[in-house]
Amino acid sequence: MSIAETSPKPYSREWLLSDRPASRKQARLGRAYVIWRRFSENRLALLGLAIIIGLLFVAAFANVLAPHDPVQGDLRNARLLPPGTAGYLLGTDDQGRDILSRLIHGSRLTLFVVVLVAIIAAPVGLIVGTVSGYAGGWVDAILMRITDIFLAFPKLVLALALVAALGPGIENAVLAIAVTSWPPYARIARAETMTFRNSEFIAAVQLMGASPFRIVLRHVMPLCLSSLIVRVTLDMAGIILTAAGLGFLGLGAQPPLPEWGAMIASGRRFILDQWWVAAMPGAAILIVSLGFNLLGDGLRDALDPKEAGQ
Amino acid sequence: MTLPETSVTTRRNRRRASSFAKSVLRFAVTVVTTFLGLLAVTFFIGRVVPIDPALAIVGDRAPNHVVERVREELGLNLPLYQQFYIYVKQALSGDFGTSVLTTNPVMTDIARVFPATIELATIGTIIGAVFGVPLGVLAAVKRGSIADQIVRVIGLIGYSVPIFWLGLLTLVLFYAKLRWVAYPGRIDIVYEYTFTPITGFFLIDAAWQRQWDVLWDLFRHIILPGSLLGYFSLAYISRMTRSFMLNELSQEYVVAARAKGLSETRIIWFHALRNAAVPLVTVIALSYAGLLEGSVLTETIFSWPGLGLYITNSLQNADMNAVLGGTIVIGAVFVGINLLSDLLYRTLDPRTRSR
């Protein structure tokens, strides 16, 4: 009974779920398929995924989707129109700008902040955590003390102080949020590294003469990735909220950029009579961060069955 | 026969004492390095990052010798480590410089506004715990039911909503439209002159002085921002309670209690919750620390005269001394609460005591 006779058609369900994958590719695809099945059982997680895909789509085609210019308004005819006015689905703000168009273009700023913070903070946390966990000893002690110090700061307050010093602006806001977000990633990466630092496959690579640099980069880091991805996804909502808070205080993106938090701040003056100016961008923030939270929860349940249902 | 025994016990006692001393030492090192690190970060933000502080004071048109003299007076010509040493010494004695905005020492200002923040965060935590714990227990007991899903969604929205936006909307609804609560602020302007606070915690002061009308007015002011913060801590507390309770309910002692014939209510509220209470205390302490941070945006919306509003006001006026002073105080309280909750956990849970 050879394997060739019993092996199912490639890419079929049986092939993916096979106990004895014949190639590395089959094993990887099979694992991905199992994770996807677990993930897609969760309806709320799928909703989150849909929201995030929607956000990506809107941001990518903002120029086509937005019915009006997000920065130049019609001051003469279209000031503070209520939602539902012909041509202005979500109404207009005090400068006659279409709120829907501003929200659509603002999605780019939101993505910009989230992606940039993740690109800066996640690798920093990963490097600090894996090096600290693998090296141990005084390297570990020093790196973890530094991590603890940053962990001790309340995020928003540290970001506020940093932006106050650096000067307002979206790039500085990104930098400030990144500085406050890496410590948890370092903690997670270190904890993961500690669990397999003394395992046999690491010893095997050491015996083959791999340098510590190579071991950390090629063997330790890839194994830390999945828990890190879950944590980063769960943090996205927090990053969006912090960025919006900074924008609301006038420290993030500067006018006339259609940043959602700053839009709420500018709508604050009209909140009693023209509630939609502030309400709409807040709803957008709520939906997007809810999407990231649902997606993150679903990913955690799918990638880490131990935690599922907790 | 007795001699070796006593020597064994004394040796064991000595070892226990030395392990206790070691953990105390480790704790002290943690506290000291964390606080030093906190100061190092704010020092870095205040001195190294921005443009020359001397120029910020005299302006860039001042002649060179004036700039030099200001630099001299501020100690900016000293090596960085000496500057840091002076900075730490001043911070330890509570000297964070003078606020440009109010012209008071920053510490005086903070001492004045901090009770308002503490009061708000306390009310928020009480609301969060009173509603969050039962909701979490309910979700765990009826796992997978509609009730569980509802609690989950309430929590998820709490994690996802921008607090300042929710604050604005609830203010429009409950103050402007329904007139159920008082306008932003801490106390009605009428009482501001007749009411003399003693401790700075107005609710306690009013109750102590039996000024019931003032107390009612204070309540109408604090209820909305307090509930808002309470909602955020509820989201966190209910989620953690659910997870702890699920853990406890799957333990064998619960099965034993059921087999003994105890009522389900008794098992849940007396046996399981009591064991879940130990980690819950830490969670509630952490959420309290989180609310101190959450108060920055909430106070801005509700014109609540606390530390958060003080920091944002100072920010608008580029008053760096006040901003950094506020940051240090919030950071220090944050660290303090974290360490306290850690200690509390260790004393409450016998399993975590050192071997």
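Every number in this text was worked out from the coordinates using simple rules, so none of it is lab data. None of these values were measured; they are calculated from a predicted model. Backbone-built Cβ (ideal geometry, glycine too); neighbour counts: all protein chains shown.
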Problem set entry | Alpha carbon convex hull of region A:15-148, volume per residue in cubic angstrom | 214
For this session: Do me a favour and compute the ellipsoid semi-axes for region B:238-355 from its Cα gyration tensor, root of five times each eigenvalue, largest one first, whole Å.
Result: 42, 17, 8
Problem set entry | Quotient of C-alpha Rg and 2.2 N^0.38 Å, computed over region B:188-293 | 1.59
Exercise. Between A:Val117, A:Val34, A:Val179, which gets the highest mean-square fluctuation from a Gaussian network model of chain A, Cα cutoff 10 Å?
Worked result: A:Val34
Seminar exercise, completed: Nearest 10, in degrees from 0 to 90: the angle of helix B:146-160 to the longest Cα principal axis of chain B is 20
Exercise. Where Lys and Arg each count +1 and Asp and Glu each count -1, what net charge lies around A:Pro281 among other residues with Cβ under 15 Å from its Cβ?
Worked result: +1
Exercise. Within region A:9-65, which trypsin sites (Lys or Arg not before Pro) sit in a loop by DSSP and count at most 16 neighbouring Cβ atoms inside 10 Å?
Worked result: none
Problem set entry | Inter-chain shielding of A:245-251 (mean C-beta neighbours from other protein chains, 10 Å cut-off) | 5
Seminar exercise, completed: Honestly chain A on the Cα gyration tensor test (a ≥ b ≥ c root eigenvalues; a/c under 1.5 rounded, otherwise a/b vs b/c for prolate or oblate) is just oblate
For this session: Could you work out how far the C-alpha centroid of region A:115-151 sits from that of region B:297-337, in angstrom?
Result: 28
Problem set entry | Averaged over A:140-152, number of beta-carbon atoms from partner chains that fall within 10 Å | 4
Seminar exercise, completed: Expressed as a whole number, the average count of other chain Cβ atoms within 10 Å around the Cβ atoms of B:146-156 is 1
Exercise. Toward the positive end of the charge dipole of region A:1-103, about the Cα centre and with charges on Cβ (Lys, Arg +1; Asp, Glu -1), which of A:Phe57, A:Ala45, A:Pro8 goes farthest?
Worked result: A:Pro8
Problem set entry | Spin-label model distance (nm) - A:Arg214 vs B:Tyr183, 7 Å beyond Cα toward Cβ | 7.3
Seminar exercise, completed: If each part is reduced to its alpha-carbon centroid, region B:250-270 and region B:135-198 end up apart, in Å, by 35
For this session: Report, please, the projected area of region A:88-168 averaged over directions, based on the convex hull of its C-alpha atoms, in nm².
Result: 7.9
Exercise. What does the highest-first list of A:96-106, B:95-105, B:80-90 look like by mean Cβ count within 10 Å?
Worked result: A:96-106, B:95-105, B:80-90
For this session: Note down the magnitude of the dipole of the protein assembly as shown about its Cα centre, charges +1 on Lys and Arg C-beta and -1 on Asp and Glu C-beta and zero elsewhere, to the nearest 20 debye.
Result: 2460
Problem set entry | Using alpha-carbon coordinates, inclination of helix A:221-248 to the longest axis of chain A, degrees | 10
Exercise. Looking at the square roots a ≥ b ≥ c of the eigenvalues of the Cα gyration tensor of region A:148-204, which shape do they give, rounded for a/c under 1.5, prolate if a/b is larger than b/c, or oblate?
Worked result: prolate
Exercise. When chain B is modelled as a GNM with alpha-carbon springs shorter than 10 Å, which of B:Gly325, B:Gly155, B:Gly144 fluctuates the most?
Worked result: B:Gly144
Exercise. What is the sum of charges around A:Val71, taking Lys and Arg as +1, Asp and Glu as -1, for the other residues whose C-beta is under 15 Å from the C-beta of A:Val71?
Worked result: -3
For this session: With runs of 4+ DSSP H residues as the only contributors, calculate the mean residue ellipticity of chain B at 222 nm using -39,500 (n - 2.57) per run, divided by the residue total and rounded to the nearest 500.
Result: -24500 deg cm²/dmol
For this session: Considering only A:Pro212, A:Pro67, A:Pro258, give the residue with the highest GNM mean-square fluctuation for chain A, with springs between Cα atoms whenever their separation is below 10 Å.
Result: A:Pro212
For this session: Against the globular-protein guess of 2.2 N^0.38 Å, express the Cα radius of gyration of chain B as a ratio, rounded to two decimals.
Result: 1.26
Problem set entry | Sequence-distant residues sharing a close amide H with B:Thr98 (under 5 Å, placed H) | B:Val106
For this session: Counting helices only, and only those DSSP H runs with n ≥ 4, report the 222 nm mean residue ellipticity of chain A as the sum of -39,500 (n - 2.57) divided by its residues, in deg cm²/dmol to the nearest 500.
Result: -22500 deg cm²/dmol
Exercise. For the protein assembly as shown, rounded, prolate or oblate, judged on the Cα gyration tensor with a ≥ b ≥ c (square roots of eigenvalues), a/c < 1.5 rounded, else prolate if a/b > b/c?
Worked result: rounded
For this session: Under 30 Å between C-alpha atoms is the cut-off here; go through the protein assembly as shown and count lysine pairs that meet it, provided they're at least eight residues apart or on different chains.
Result: 7
For this session: Using the Kirkwood radius over Cα pairs, work out the Stokes-Einstein diffusion coefficient for region B:127-220 at 20 °C and 1.002 mPa s, in µm²/s as a whole number.
Result: 131
